[in-house]
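> Right, I'll just put the structure down here and ask away after.
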Amino acid sequence: MSEEATTTHPIPAGFENAHATPESYKRMYAESISDPNGFWGREGKRLDWITPYTKVKDTDFTTGQVSIKWYEDGVLNVCVNCVDRHLPERADQVAIIWEPDDPATPARQITYAELSDKVNRMANVLLSQGVMRGDRVVIYLPMIPEAAYAMLACARIGAIHSIVFAGFSPDALANRINDSGAKVVITADTAPRGGRRTALKSNADKALLHASDKVRCLVVKHTGDQTTWVEGRDVDVLALMEQVSPDCPPRPMNAEDPLFILYTSGSTGKPKGVVHSSGGYLTFAAMTHEYTFDYHDGDVFWCTADVGWVTGHSYIVYGPLANGATTLMFEGVPTWPDAGRFWEVCDKHKVTQFYTAPTAIRALMGQGTEFIEKHDLSSLRLLGTVGEPINPEAWVWYDKYIGKGKCPIVDTWWQTETGGHLITPLPGAIPTKPGSATLPFFGIKPAVLVPETGAPIEGNPAEGVLCIADSWPGQMRTVWGDHQRFEETYFQQYPGYYFTGDGCRRDEDGYYWITGRVDDVLNVSGHRMGTAEVESALVAHPKVAESAVVGYPHEVKGQGIYAYVTLMNGVEPSEELRKELEAWVRNEIGPIAKPDLIQWAPGLPKTRSGKIMRRILRKIAENDYGALGDTSTLAEPAVVEDLIENRMNRG
Ligand code: WTA
């Protein structure tokens, strides 16, 4: 590995006046741990409260009685905090820059005044459809400003939004509509991406066949493409927005009222609805946005995530808008019309902070530097990454070709469940090391535990599972409709701790290096996917008897999906069947879940009690079959030989 990749990178010039300096980070961190009530009591004041809170932290990680409350007697409205309160000073400042998929379509600059108008109208549209405080609204939209309007409109009237990534299939959408009990689905006619179009409305139509017939479908006519129209159920949102009043009084909400539900994959069963709060979540999203990205007035902040993921929630919409920032929303993809698209957009809008996923960096690294050289990247001050560990080679490339050696790279570790960054460099305060998420954010107490015993490892270096020893305001509050599952998933295995599901190493300097999931959750191109979800999609196919899915290292995606499939008796494997199964999974879940490799497995390695030995399957998928470890508990050792012989990843 190059020297650059293994050395510590000092704080770059120009960050002397950053929100956090080395001294202030140390001081504030120490205080946040020794006096969380004092620290977060002050931080909560970055929001405007209708009724100020008198209590700050009331949290309990004890199994059987897990309860997380922050600012519990405070009353506020999240939309007011993201929109209204900025109007006196920022009415004409751009809130959202919208960059469309096709560079030939003009970009849009939405000022805070315009944002306010649109959000109020959208809120009145929701009220006109009978949406009330506490009702759920599913948002199935492309990356268009209406997605942000819809989120904020829900917040304004106290409805709970649940965004479903537009790449998910009708089945996945239907499951989320039903699990959340949504009253309304907001979608668009079609969604342009990379020059192609996804038929979102038609997907929603299919999903709604499996939902209550009371669910309304609000359609944003974005492209004007023809769609079917169900009278009495479908509503033309943009037309109705023109008719309703531009004033919608914000609803006072309790700090602990849910702001949104976001479904995410776990190690077992169906995706769970992660519930986030209003007051604590927004405080944490705003604070992390300001500190991690060192956001200052006049900056143009671009997070390339989709609003369908938590990164889009916290760092396209809520964090930036709570801070009165200018946030860029991009409808397209990094490689269309060519691999210079990101850099073109940075140049065009003079982006100052750029935040993306390692998988995108790896994909662009392979395209050569001529796509970068065409564009002026001198406006960039800071780079960020999220979603998966970044390999040092990608880090060094990002630093050299995009940051030109003068932008700090913030490698932010966090999760859907955490609401915002938990371990991350602060650019003016923390020197970086390629591949390390560095040090904890204010108020975060990471603990490295021995996986088997749960004993915390004191001192450095340490390696084990990553847990968090105390709560922070952005922590998820529960699993929608299933608090027990919340407790079981996150608090049972290591009592007294929040269990992240990640493994990590803490080095001599106390820096954290995330080593990846220790459970059956995959991270494919930064998208989180449960192996169990892919397996249950595969076994739902009539020709499949059994299936086991594992991850394997993939050059661009980080992890690829490797599926072992046992066919029904009498069914012959074939290339057609392989294609059929790929299409099947795309249909059941969405394109992101399509297996990269399918191996026909006459049998799966099982213990005598019938448990699939995933450890062995992982090794074979990794092409590391020399190191299978103890196979003495296998019921039929011959099965393994066949699997090795016919392994798919020989790379
Ligand atoms: C992984 C995305 C290493 C991790 C915000 C975590 C990371 C999962 C990083 C959560 C990072 C996220 N370095 N790994 N900087 N950021 N991860 O819920 O395995 O989609 O548990 O949230 O992504 O994925 P999620």
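The values are calculated or read from the model by the stated rules, or taken from the named source; none is laboratory data. This one's a predicted model, so the numbers in the text were calculated from it and none came from an experiment. FYI the Cβ positions are ideal-geometry reconstructions off the backbone, even for glycines, and counts take in every protein chain you see. Ligands, DNA and RNA are stripped out before the accessible areas are found, and what is left, the full protein with its side chains, is counted by its heavy atoms. Shrake-Rupley method; radii C 1.70, N 1.55, O 1.52, S 1.80 Å.
> Quickly work out the Asp376-to-Thr8 label distance, labels modelled 7 Å from Cα along the C-beta direction, and quote it in nm with one decimal.
So the two model labels end up 3.7 nm from each other.
> Considering the alpha-carbon set of region 495-537 alone, what are its Rg and its Dmax in angstrom?
Calculated on Cα positions, Rg and Dmax stand at 13.5, 44 Å.
> Around Met122, what is the net charge, scoring Lys/Arg as +1 and Asp/Glu as -1 over all other residues with Cβ under 9 Å from its Cβ? Please report the intermediate quantities before stating the final value.
Details: positive: Lys118, Arg121, Arg156; negative: Glu146.
Here the charged neighbours net out to +2.
> So what is the diffusion coefficient of region 558-597 in µm² per second by Stokes-Einstein at 20 °C and 1.002 mPa s, using a Kirkwood Rh over Cα pairs?
Details: Rh = 11.0 Å.
So the translational diffusion coefficient is about 195 µm²/s.
> Quick one: length gained pulling Val556 to Lys270 fully straight, 0.36 nm per residue minus the C-alpha distance? Let's see the in-between values first.
On the way: separation 286, 0.36 × 286 = 102.96 nm, distance 2.69 nm.
Going from the current span to full extension adds 100.3 nm.
> Let me ask another. Could you calculate the FRET efficiency of Arg108 with Arg27 from 1/(1 + (r/R0)^6), where r is the beta carbon distance between them and R0 is 41 Å, rounded to 0.05?
Efficiency for this residue pair is about 0.45.
> Here is a further query. Taking Cα centroids, how far is region 55-122 from region 586-651 in Å?
46 Å
> Hey, any idea what the orientation-averaged projected area of the convex hull of region 480-573's Cα atoms comes to, in nm²?
9.4 nm²
> A further question follows. Which net charge results for the neighbourhood of Ala211, defined as the other residues with beta-carbon distances under 13 angstrom from its beta-carbon, given Lys and Arg at +1 and Asp and Glu at -1?
Net of charged neighbours comes to +3.
> State whether region 23-69 is rounded, prolate or oblate according to the following rule on the C-alpha gyration tensor (a ≥ b ≥ c being the square roots of its eigenvalues): a/c under 1.5 gives rounded; otherwise a/b larger than b/c gives prolate, and the remaining case gives oblate.
oblate
> In whole angstrom, note down how far apart the Cα centers of region 201-224 and region 475-534 are.
Here the answer is 33 Å between Cα centres.
> For region 100-184, state what percent of all Cα-Cα pairs lands in each successive 5 Å bin, counting from 0 Å until the bin that includes the largest distance.
Histogramming region 100-184 at 5 Å steps yields 3, 15, 22, 21, 18, 12, 7, 2, 0 percent.
> Given R₀ = 25 Å, what would the calculated FRET efficiency be for Glu463 paired with Asn37, taking r from the Cβ atoms and rounding to 0.05?
Calculated value: 0.15.
> Among the listed pairs Lys270/Lys579; Lys221/Lys350; Lys69/Lys433; Lys543/Lys594; Lys118/Lys348; Lys543/Lys579, give every one whose C-alpha distance is greater than 23 Å.
From Lys270/Lys579; Lys221/Lys350; Lys69/Lys433; Lys543/Lys594; Lys118/Lys348; Lys543/Lys579, over 23 Å: Lys270/Lys579; Lys221/Lys350; Lys69/Lys433; Lys118/Lys348.
> Based solely on C-alpha atoms, express the radius of gyration and the Dmax of region 109-241 in angstrom.
So, for region 109-241, Rg and Dmax equal 13.6, 39 Å respectively.
> Still on this structure, please answer the following. Dimensions of region 456-497 along principal axes (Cα, Å, largest first)?
40, 22, 13
> If you don't mind, another one. Taking a probe of 1.4 Å, how large is the accessible area per residue of the chain, in Å²?
On a per-residue basis, 37 Å².
> Let me ask something else. Let me make sure I get this right: for region 58-110, a, b and c are the square roots of the gyration tensor eigenvalues over alpha carbons, sorted descending. Under 1.5 in a/c it's rounded, otherwise prolate if a/b > b/c, else oblate. Which is it?
Oblate, because a/c is 1.5 or more while a/b does not exceed b/c.
> A follow-up question, please. Considering the Cα trace of region 228-308, what is its radius of gyration and what is Dmax, both in angstroms?
Taking only Cα atoms of region 228-308, I get Rg and Dmax of 18.4, 49 Å.
> Mind checking the dipole of the chain: about its Cα centre, +1 per Lys or Arg Cβ, -1 per Asp or Glu Cβ, Debye to the nearest 20?
760 debye
> How much of the accessible area of region 305-391, probe 1.4 Å, is carbon plus sulfur, in whole percent?
Carbon and sulfur atoms account for 56 percent of the accessible area of region 305-391.
> Quick check: residue separation of Glu89 and Lys45 times 0.36 nm, minus the Cα distance between them. What number comes out in nm? List each step's numbers first, then the result.
Working: separation 44, 0.36 × 44 = 15.84 nm, distance 1.85 nm.
Taking Glu89 through Lys45 to full extension adds about 14.0 nm, to one decimal.
> According to the square roots a ≥ b ≥ c of the eigenvalues of the Cα gyration tensor, what is the shape class of region 389-474, taking rounded for a/c under 1.5, prolate for a/b larger than b/c otherwise, and oblate for the remainder?
Cα axes put region 389-474 in the prolate bin.
> Within the P(r) computed for region 441-518, what percentage of the Cα pairs occupies the region above 22 Å?
Details: 700 of 3003 pairs.
Tail of P(r) above 22 Å: 23 percent of Cα pairs.
> Taking every pair of alpha-carbon atoms in region 351-498, give the share separated by more than 18 Å as a whole percent.
Of all Cα-Cα distances in region 351-498, 64 percent exceed 18 Å.
> Taking only the alpha-carbon atoms of region 263-420, what semi-axes of the equivalent ellipsoid follow from 5 times the gyration tensor eigenvalues under a square root, in whole Å, largest first?
Working: eigenvalues 137, 71, 37 Å².
Sorted largest first and rounded, they come to 26, 19, 14 Å.
> Same structure, new question: Counting other Cβ atoms within 10 Å of each Cβ, which GluC sites (Glu not before Pro) in region 484-529 have at most 10 and sit in a DSSP loop?
Those that pass, being in a loop and sparsely packed, are Glu508.
> What is the distance, in nm, between label points placed 7 Å from the Cα along the Cα-to-Cβ direction at Ala199 and at Glu508?
Each label point is offset 7 Å from its Cα along the Cβ direction, giving 6.1 nm.
> Using θ = phi - 60° and the Karplus form 6.51 cos²θ - 1.76 cosθ + 1.60, what ³J(HN,Hα) does each residue of region 464-480 get, whole Hz, x for Gly and Pro?
Values per residue, Gly and Pro as x: x, 8, 8, 10, 10, 8, 8, 7, 9, x, x, 5, 4, 9, 5, 8, 3 Hz.
> Bin all alpha-carbon pair distances of region 600-651 at 10 Å intervals from 0 and give each bin's fraction as a whole percent.
All Cα pairs considered, the percentages come to 27, 60, 12, 0.
> For Arg233 and Asp60, what does the FRET efficiency come to when R0 = 45 Å and r is the distance between their Cβ atoms, rounded to the nearest 0.05?
Efficiency, rounded to the nearest 0.05: 0.55.
> What translational D, rounded to a whole number of µm²/s, comes out for the chain from Stokes-Einstein when the hydrodynamic radius is the Kirkwood one over Cα pairs, at 4 °C and 1.567 mPa s?
The Stokes-Einstein estimate is 51 µm²/s.
> Right, here's the next one. Report the full-extension gain for the segment Gln243 to Asn178: residue separation times 0.36 nm, less the Cα-Cα distance, to one decimal in nm.
Value of the extension gain: 20.4 nm.
> Here's another thing I want to ask about it. Of Lys45/Lys445; Lys55/Lys183; Lys445/Lys611; Lys374/Lys406; Lys214/Lys557, which sit over 30 Å apart, Cα to Cα?
Lys55/Lys183; Lys445/Lys611; Lys214/Lys557, as the Cα separations exceed 30 Å there.
> Let me ask something else. Give me the one-decimal nm value for the distance between modelled label points at Ser67 and His210, 7 Å along each residue's Cα-to-Cβ direction.
That separation, rounded to one decimal, is 3.7 nm.
> Another question about this same structure. Based on DSSP, what percent of beta bridges with both residues in the chain are antiparallel, to the nearest 5?
So the antiparallel bridges amount to about 60 percent of the total.
> At 222 nm, what helix-only mean residue ellipticity would the chain give, in deg cm²/dmol to the nearest 500, using -39500 (n - 2.57) for each DSSP H run of four or more?
Details: 21 runs with 184 residues, N = 651.
For the chain, the value works out to -8000 deg cm²/dmol.
> Kirkwood hydrodynamic radius of region 23-101 from all distinct Cα pairs, in Å?
Kirkwood radius, region 23-101: 15.6 Å.
> Seen from all sides and averaged, what is the projected area of the convex hull of the Cα atoms in region 204-252, in nm²?
Answer in nm², one decimal: 5.2.
> Hey, got a sec? Which GluC sites (Glu not before Pro) in region 551-633 land in a DSSP loop and have at most 13 other Cβ atoms within 10 Å?
On the way: sites: Glu555, Glu575, Glu576, Glu580, Glu582, Glu588, Glu622; in loops: Glu555, Glu622.
Passing both the DSSP loop test and the Cβ count: Glu555.
> Dividing the alpha-carbon radius of gyration of region 482-637 by 2.2 N^0.38 Å (N being the number of residues), what value is obtained?
Its radius of gyration relative to the 2.2 N^0.38 Å reference: 1.16.
> For region 1-147, count the residues as N, evaluate 2.2 N^0.38 Å, and divide the Cα radius of gyration by that value, please.
Working: Rg = 21.6 Å, N = 147, 2.2 N^0.38 = 14.7 Å.
Dividing the Cα Rg of region 1-147 by 2.2 N^0.38 Å gives 1.47.
> On to the next question. From largest to smallest, what semi-axes in whole angstrom does region 169-269 give when each is the square root of 5 times an eigenvalue of its alpha carbon gyration tensor?
23, 22, 15
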